[in-house]
1. Kindly list, by first and then second residue, each pair from a residue in segment 296-317 that is over 22 Å from residue 385 (Cα atoms) to a residue that is near the ligand (Cβ under 9 Å from one of its atoms) and open to solvent by 20 Å² or more (accessible area, probe 1.4 Å), limited to pairs with Cβ atoms under 6 Å and residues at least 6 apart or on different chains.
2. Could you please tell me which pairs satisfy a Cβ distance under 7 Å, a separation of 6+ or placement on different chains, a first residue in segment 423-436 that is closer than 14 Å to residue 307 by Cα and in contact (Cβ under 8 Å) with a residue 40 or more places away in the chain, and a second residue that is polar (S, T, N, Q) and more than 10 Å from the ligand (Cβ to nearest atom)?
3. Which one of these is out of contact with any Phe, Trp or Tyr (no Cβ under 9 Å at 6 or more places or on another chain) and near the ligand (Cβ under 8 Å from one of its atoms): 407, 364, 431?
4. Quickly run through segment 445-463 and pick out the residues that are in contact (Cβ under 8 Å) with a residue 40 or more places away in the chain and of a type in the set (Asp, Glu).
5. Would you say residue 650 is among the small types (Gly, Ala, Ser), outside any helix (DSSP H, G or I), open to solvent by less than 10 Å² (accessible area, probe 1.4 Å) and under 30 Å from residue 520 (Cα atoms)?
6. Taking the residues in segment 233-246 that are under 17 Å from residue 105 (Cα atoms) and open to solvent by less than 30 Å² (accessible area, probe 1.4 Å) as candidates, determine which candidate is farthest from the chain's Cα centre (by Cα).
7. Taking residue 269 as the residue in question, decide whether it is without any contact (Cβ under 8 Å) to a residue 40 or more places away in the chain, away from the ligand (no atom under 16 Å from the Cβ) and of a type in the set (Gly, Ala, Ser).
8. Every residue in segment 82-106 that is farther than 25 Å from residue 267 by Cα, under 32 Å from the mean Cα position of the chain (by Cα) and open to solvent by less than 30 Å² (accessible area, probe 1.4 Å), please.
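The values are calculated or read from the model by the stated rules, or taken from the named source; none is laboratory data. For clarity, every value in this text was computed on a predicted model and none was experimentally measured. Positions of Cβ are generated from backbone atoms using ideal geometry, with glycine treated the same way; all protein chains shown enter the neighbour counts. We work out accessible area using only protein heavy atoms, side chains counted, and drop any ligands, DNA or RNA first. Shrake-Rupley method; radii C 1.70, N 1.55, O 1.52, S 1.80 Å.
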Amino acid sequence: MSAHYATDGSVAVITLDNPPVNGMGHSTRVAIAEGLAQAAADPAIRAIVLMGANGLFSGGADIREFNTPKAMETPTLRDLIAICEASPKPVVAAIEGNCMGGGLELSLGCHYRVASPRALVALPEVKIGLLPGAGGTQRLPRAIGVERALEMIVSGDPVAAEKLSGSLIGQVITGDWLEGAVAYARNVARDDSRPRVRDRPATAPDDPGYFTAARAKAAKDSRNLPAPQRCIDAVEAATTKPFDEGLAYERELFLALMNSPESRGLRHAFFSERAAARILDVPADTPVRAVRRIAVVGAGTMGGGIAMSFINAGFPVTILETQQAALDRGLGVIRANYESAVKRGKLTPERLEQRMALLTPTLSYDAIADADLVVEAVFEEMGVKEAVFRKLDEVMKPGALLATNTSTLDVDRIAAATGRPHDVIGMHYFSPANVMRLLEVVRGRETAKDVLTTVMQLAKKTGKTAVVSGVCDGFIGNRMLKQYKAQASALVEEGASPQQVDRAMEAFGMAMGPFRVGDLAGNDIGWAIRKRLYAEDPATRRQPIGDRLCEMGRFGQKTGAGWYRYEPGKREPIPDPVVDEVIVAVRGELGVAPRAIGEREIVERCVYALVNEGARILEEGIAQRASDIDTVYLTGYGFPRHRGGPLFHADSVGLPDVAAAMQRFASDPGGDRDFWNPAPLLARLAAEGGRFNP
Ligand code: NAD
């Protein structure tokens, strides 16, 4: 049973119990309906309390039932809410902890609601491209007022139930929880009223332009997304239509959103992140190693950010450098970052000091010897890394996890510098490491399974989304990015302007176009890598325009100029005639007659470059599953979430169409045949009519 029934004198207590979050799955719905029927039939019962086990009311729909027939089996959530509303005895929802989505909709079908002081309520459906489909858009405006309800439904963000005391919540219970809820129920049973939210009015705000303004704001905040707009339509309907008609309209909008490509993409994104935490050949019950103390080697850009991400989660961190000056500089940057958070009102001064107190600077390996995990973030040079790992092997206690933050070097070779390669793993953070959610966890040839599970769990504790990658140049994300950037450059050589490419990719939904990203991150990093590759292999495809700009010292924002120019202290990219001259000159030297290139070609070439490399990564087993590759791009590279990631996007377009477009690019005059050679997996799936994501 996913809910149980008990009595306390004249009050029946129905407790939802469907771990982990009391999801409103079929068995839970059945059990609640049975409980309500049992209470109705028992003449000794005067009132009913509906509450949740495990310290929370309900997290909403049971996501294990998502997209399965069970979700639609009767009683549906709508049926259950109707049963509850029609109960001959008053029903009190006792809201403790989280009360989300379908859980809140169920509570709105109860006659009364009480809450614990820390309870949180939300209708988060918009975040997966939907709207609350079980009456939430019709009842919440009636319960708490149209403006507040609209804000909650369009943002999907949680609100403290306490703040809704007097409207949604009849009483905040501060004493014994169960006792308080039962006493409240006993009290309301004294009179015969069973007030229904549906009978209250939903009054539109006086401002006649209110809904128009709300639509304009939602269009600006969530470009191209239909769900926020439909949420507004549904709430507006609550103010104009009788309740049952509003409910039917909500249903219609819900079903349309369920089939929208945006919601499919957002739901894929949601499920992919959860799937990434599971490692195919590592059983879920693999033990983890205890990690309490962390050490970071190198206090530069990455070392500082990595230290902050652990400190923010409450871990004590010892940070090591070879020179006092570098250590002072690193600590200064960390403090300055926290001070800026204080200035922005995101952190209290006391918190700042608490966090700094968790940080111990050192120049000595003795001070880190008993750390449970050490993360290395020194210069990107194999010799330097090998020396650090030899030293770590010498000093670190047995069983310590040894991680490297390398972006391009061979983790297996780094591991081989130690006598304990099974304890070595890659933790590839993204800059700024205290902010960016993605962590690529690089599994070396010999990395032990418990090392892997420990790092995955730590990632979660520090708020990161971890994706496992095998060892290869660039791992998942940067290996694909290289192909994306190569296409962006080729498009400019052939006739597009950097602005045109950036605009097209931003219209597609990328957080920032490739040239703006280059200017932000610094074009010199890629240039240094390219120069090394040109020297190693003269056949390496060149990026003559990007090289020329770097030769001119145009590294991006940090030098005031790159693909764009920047006013001192400003981040606004301004198109620069100097760049146009360089482009014209290089095209002349290459003998290229520029042609007009459309937005569609720009988007397809950049995105399919990602897709083709992603397919190779998948078939080589570097990534475990297509959705992991999607997660990397959604959480680390600004790929539009509503498109579900590059491989999901390719699945949605249809792989035969993707393959055909690639063939076209290869056979275009001046087309790069080698580049557009399809990955065998892509060619096979396209021929079979298959998909990357099953
Ligand atoms: P950085 O130059 O800012 O910092 C490196 C720090 O390591 C310096 O403070 C230096 O003094 C210190 N250091 C050098 N040798 C050392 C040693 N033997 N012992 C202790 N400290 C030593 O570089 P960064 O950008 O922080 O990069 C560090 C690592 O992170 C590199 O492997 C890099 O590839 C990787 N990485 C960088 C980024 C990025 O965006 N910058 C992203 C992911 C990974």
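1. Once the first residue is over 22 Å from residue 385 (Cα atoms) and sits in segment 296-317, no partner that is near the ligand (Cβ under 9 Å from one of its atoms) and open to solvent by 20 Å² or more (accessible area, probe 1.4 Å) comes close enough.
2. From segment 423-436, the pairs are 433/309; 434/309; 434/312.
3. 431
4. Selection gives 450 alone.
5. So residue 650 does not fit the description; no.
6. So, considering only residues that are under 17 Å from residue 105 (Cα atoms) and open to solvent by less than 30 Å² (accessible area, probe 1.4 Å), the one farthest from the chain's Cα centre (by Cα) is 243.
7. So residue 269 fails the test.
8. 93, 94, 95
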